[in-house]
Amino acid sequence: MSTFYVTTPIYYVNDVPHLGHAYTTIVCDTLARFHQMRGDDTRFLTGTDEHGQKIEEAAHKRGLTPAQLVDQVAPRFDDAWKTLGIADYRFIRTTGERHKRVVAELWKRIRRENPDDIYLASYQGWYCVGCEAFYTESQLVKDAEQWVCATHKRAVAWLDKERSWFFRLSRFAAPLLAHIEAHPEFIRPDAYRNEIVAFLRSGLRDLSVSRTSFAWGIPVPEPDPEGLAHVIYVWMDALTNYLSDLCPDDGTIGGPDVARYWPEALHVIGKDILRFHAVYWPAFLMAANLPLPKGIFAHGWWTVRGEKISKSLPATRIDPVVLSDALGAGSAHGRAIGIDAMRYYLLREVPLGNDGDFTFESLFGRFNAELANDLGNLINRSLTMLTKFGAEFPPAFDAAAHAAEGPARQLEQAAVEASAQAVACFEAVQPSRALEAIWRFVGVANRFIDQTQPWAMGKAKDPALRHTLWALRASLWAIARMTAPVLPAASQALRAWIGDDGPLAWPVAREGSVLVHAPANLGSSPPSPLFPRLDDKAQAAILEKVVGLAAVPTPPPAPATPEEKPAAATIDYDAFGKIELRAGKVLTAVAVPKAKKLLHLSVDLGEAQPRSIVAGIAEAYAPDAIVGRTVIVVANLAPATIRGIRSEGMILAAGDEAILGLSALDRDVPPGTRVR
Ligand code: MSP
């Protein structure tokens with residue numbers, strides 16, 4: 001029996017799950033399901049990354065302690081994966097006791113095995129809290145006299161001579177290059193391997209692996225001679241999750257699960273965090289004299305209208321649960337089928353490794369053409385034939401007919417081929433190509449019905465119909481199983497309909513044929529379309545549900561209010577009516593020089609000219625994050641001049657001192673629409 005161990009990155013808890021997170025999790029889930037079906041000893045790990053400056057800051061912004069924030073948000077990831085039917089995963093949190101012990105143990109082990117690989121010095125340089133990463137100027141972008149992180153498009157912070165423990169990363173460029181050369185599958189796809197090779201060849205600088213300026217982390221397990229309290233760098237902490245989940249509770253690095261699973265580990269990650277996984281992590285492991293994981297597979301980014309789906313761009317945030325609910329609304333199986341359709345789209349639309357732009361046109365297109373038409377029609381037509389003629393011509397394998405060259409034989413060959421290709425592609429972490437192979441077979445099976453015309457055979461009372469029906473049912477059987485890693489709910493329904501109640505294993509060839517395993521009896525449930533076609537009305541309803549929600553930023557958890565505030569005096573209806581609130585679309589946003597709180601916006605209120613509005617939201621929203629959004633504007637506020645700029649209105653936002661959220665409408669309405 002082979003072993004398969006797959007991991008997702010652990011997600012930051014300053015955010016709640018969106019389609020980007022769901023993508024990685026679904027890829028890993030699909031691989032885990034496939035390997036499980038192949039009989040491999042399979043383990044699948046996901047979880048949350050809960051320490052570091054970013055989480056500490058996010059908590060403070062919401063008036064929570066870091067511990068309160070992480071306890072609120074971590075279950076939202078676990079719940080989302082449960083709701084999305086993610087199978088048999090383990091969930092790790094970096095605030096867990098065992099994990100903390102293992103991280104401290106890893107540090108001590110490096111100090112034991114290679115004492116000079118960690119030393120004290122002082123760090124001076126740039127830090128991006130968004131990435132939790134140190135950068136040289138050559139890795140940053142200059143924007144209006146400021147150094148800005150290329151990923152977060154935010155100014156980086158200057159850390160001035162912070163005393164810190166360093167990891168001797170510079171020592172590992174050569175051993176890492178040697179490892180990559182000896183194991184070409186260590187970093188996939190090739191383009192990412194080349195990127196890392198080039199980075200290693202340019203030489204590595206030692207890495208600061210502790211911080212003293214905040215406390216939310218795992219303490220460094222050795223004293224600083226000057227008495228400073230250090231916490232371990234959050235990436236060293238986070239990366240160790242992949243190992244710590246395999247270790248015994250006392251934190252020892254070892255034991256049966258480490259021996260069994262660790263050498264097989266496959267880390268599936270987004271391309272944004274490749275360097276941490278392909279350089280830092282293996283270097284830490286080498287320094288500790290521990291084996292490296294088997295491989296790292298980086299996938300690309302999903303964008304919406306060209307913008308990366310991310311926390312800072314609310315308009316890109318698609319909630320995977322809302323999307324699957326909306327997609328499954330027309331099916332008797334509801335959300336479960338919506339989840340399948342979402343999984344299918346994400347996995348089929350782009351080869352793993354490439355970027356992909358999420359569009360409803362392509363989603364609806366694939367749903368209707370490939371799920372409702374290709375697969376749905378095949379299922380409906382086959383089941384109709386089997387139900388209609390099955391009693392008179394019970395499906396039966398006919399060795400002589402099978403041996404003869406003809407459509408049934410071609411069908412079988414196509415199934416064998418599709419199965420072999422799908423296996424090779426799933427093993428090579430190429431789910432899009434596996435689906436292509438399976439759908440080629442779906443096409444062959446549809447043509448088989450056209451060619452053999454079972455309805456005509458039935459009418460003509462042709463006894464060969466028994467073998468034809470047998471072949472049809474066997475094809476459904478093979479398809480139900482081959483699609484199971486990607487479409488778990490559809491596969492299960494189909495298997496029930498065709499009476500396939502055996503253990504869910506890959507349709508392996510026996511006696512040179514995949515089809516001989518076909519089940520004997522039709523199941524009893526009457527079939528209803530699994531993927532009912534999405535007509536214009538259904539498409540509009542989906543858009544309304546999903547885009548309406550995507551436009552609204554997920555509200556941060558409400559800060560605890562320690563004391564009751566006295567109720568404000570009431571105003572009458574007329575007084576309220578005097579305030580003219582209107583929907584306004586933000587057209588442009590730029591920072592106001594020398595005013596760190598202010599953004600200068602132009603806002604479309606449906607008038608001849610956009611309004612110029614100065615808003616005190618710059619600390620909470622990057623300019624990019626609000627362009628394109630529809631906000632609520634107080635349109636009849638007397639104009640004022642702020643920092644020399646005319647301000648012709650006010651936009652509504654939540655928060656007293658700090659801005660906690662911006663007003664928004666949950667769907668697009670024409671600019672200028674009155675809000676009451
Ligand atoms: N906490 C770190 C990872 C530590 S792993 C030891 C982190 N977390 S994250 O919450 O930002 O999630 C990162 C992962 O989410 C990405 O690597 C990627 O797998 C997934 N994605 C987040 N946004 C995404 C897209 N827009 N598109 C595709 N995947 C995305 O980084």
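Would you be able to say whether some residue in the range 221-230 is under 23 Å from Glu56 (Cα atoms), surrounded by 23 or more Cβ atoms within 10 Å (Cβ to Cβ) and in contact with a helix residue (DSSP H, G or I) (Cβ under 9 Å, 6 or more places away or on another chain)? No; the residues of the range 221-230 include none that is under 23 Å from Glu56 (Cα atoms), surrounded by 23 or more Cβ atoms within 10 Å (Cβ to Cβ) and in contact with a helix residue (DSSP H, G or I) (Cβ under 9 Å, 6 or more places away or on another chain).
Listed residues Asp319, Asp374, Asp340, Asp355; which is open to solvent by 10 Å² or more (accessible area, probe 1.4 Å), more than 15 Å from the ligand (Cβ to nearest atom) and of a type in the set (Asp, Glu)?
Asp374
Residues of the range 122-139 being more than 17 Å from Phe276 (Cβ to Cβ) and either outside the structural domain of Tyr11 (by TED's automatic domain parsing) or not in a strand (DSSP E or B) (or both), which ones? Those that are more than 17 Å from Phe276 (Cβ to Cβ) and either outside the structural domain of Tyr11 (by TED's automatic domain parsing) or not in a strand (DSSP E or B) (or both): Glu137, Ser138. Anything in the range 282-316 that is over 22 Å from the mean Cα position of the chain (by Cα) and either within 12 Å of the ligand (Cβ to nearest atom) or on the phi > 0 side of the Ramachandran plot (or both)? List them, or say none. Residues satisfying the conditions are Phe284, Asn289. Among the residues of the range 1-43, those that are touching a residue at least 60 places away in the same chain (Cβ under 8 Å), within 16 Å of the ligand (Cβ to nearest atom), among the aliphatic types (A, V, I, L, M) and out of contact with any Cys (no Cβ under 6 Å at 6 or more places or on another chain) comprise Ile10, Val13, Val16, Leu19, Ala22, Ile26, Val27, Leu31. Can you list the helices (runs of 4 or more DSSP H) found entirely within the range 14-117 that contain at least 1 residues being within 15 Å of the chain's Cα centre (by Cα)? The helices (runs of 4 or more DSSP H) meeting that bar are 19-37, 66-83. Taking the listed residues Trp126, Trp158, the one that is surrounded by fewer than 18 Cβ atoms within 10 Å (Cβ to Cβ) and aromatic (Phe, Trp, Tyr) is Trp158, with no other qualifying. Could you list, in sequence order, all residues of the range 272-296 that are under 20 Å from Asp29 (Cβ atoms) and either free of Cβ contacts under 8 Å to residues at least 24 places away in the same chain or open to solvent by 10 Å² or more (accessible area, probe 1.4 Å) (or both)? The answer is Ile273, Lys294. Checked against (1) in contact with a Lys or Arg (Cβ under 7 Å, 6 or more places away or on another chain); (2) touching a residue at least 60 places away in the same chain (Cβ under 8 Å); (3) open to solvent by less than 30 Å² (accessible area, probe 1.4 Å), Arg348 meets all criteria but (3).
Anything in the range 231-263 that is buried (at least 19 other Cβ atoms within 10 Å of the Cβ) and of a type in the set (D, E, K, R)? List them, or say none. Hits for the range 231-263 are Asp237, Asp245. Can you say whether Ala332 is within 16 Å of the ligand (Cβ to nearest atom) and of a type in the set (A, V, I, L, M), as far as the supplied structure shows? No; evaluated as a whole, the condition is false for this residue. If we scan the range 163-170, do we find a residue that is assigned to a loop (DSSP other than H, G, I, E, B) and loosely packed, with under 14 Cβ neighbours inside 10 Å? So far as the range 163-170 goes, no, none of its residues is assigned to a loop (DSSP other than H, G, I, E, B) and loosely packed, with under 14 Cβ neighbours inside 10 Å.
The values are calculated or read from the model by the stated rules, or taken from the named source; none is laboratory data. Being a predicted model, the structure only gives us computed values, none of them experimental. Note that we place each Cβ from the backbone using ideal geometry, even for glycine, and neighbour counts take in every protein chain shown. What goes into the accessible areas is simple: the full protein's heavy atoms, side chains included, and nothing from ligands, DNA or RNA. Shrake-Rupley method; radii C 1.70, N 1.55, O 1.52, S 1.80 Å.
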